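One structure below.
Bear in mind these aren't lab numbers, they're just calculated from the coordinates by the rules spelled out. Here the structure is a predicted model, which is why all the values come from computation and not from measurement. So basically every Cβ, Gly included, is an ideal-geometry build from the backbone, and we count neighbours across all protein chains shown.
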Amino acid sequence: MKLFITTLVFAIASQLMYLPVLAQTTSGTLGGANLGEYLKSIVGFINTYVVPFIFAVGFIVFIWGVFQYFILGGSNEEKREEGKKLVMWGIIAFVVMLSLWGLVNLLVASFGFGGQNVPKLPTFNPGT
């Protein structure tokens, strides 16, 4: 279990290591960006990194709880109870993930942060 946690922490750290590079702007300072662009970047960060991370952790906890309940705790009642608790925490993580994702998308739709820079699709009008 200790090796699993160490590997998980290393994997997360290696993925988050390059985020400061992505935070740089073309002008070199945040003073050049307006509030709308800053909020869009925060919403994009939440949708791109936070929601999938919560989903992944919840899924791993859920699967480990199911494994403990059915495989490891076949005859051991204590392992079955621990598996039940982990399954419940996994389901709670799914609910938190869906709530966070819904809240972010509600804010995007309400305040118009999404779709502002979408180019117009080309059309084909034969005979004009």
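For Asn105 and Phe70, calculate 0.36 nm times their separation in residues minus their Cα-Cα distance, and state this gained length in nm to one decimal.
Numbers: separation 35, 0.36 × 35 = 12.60 nm, distance 3.68 nm.
Result for the pair: 8.9 nm of gain on full extension.
Most exposed first by the Cβ proxy, i.e. fewest other Cβ within 10 Å, how do Lys40, Lys84 rank?
Details: Lys40 18, Lys84 15.
The order, fewest Cβ neighbours first, is Lys84, Lys40.
Per the Cauchy relation, a quarter of the hull surface: what is the mean projected area of the convex hull of the alpha carbons in region 37-106, in nm²?
Details: hull surface 17.9 nm².
Mean projected area of the Cα convex hull: 4.5 nm².
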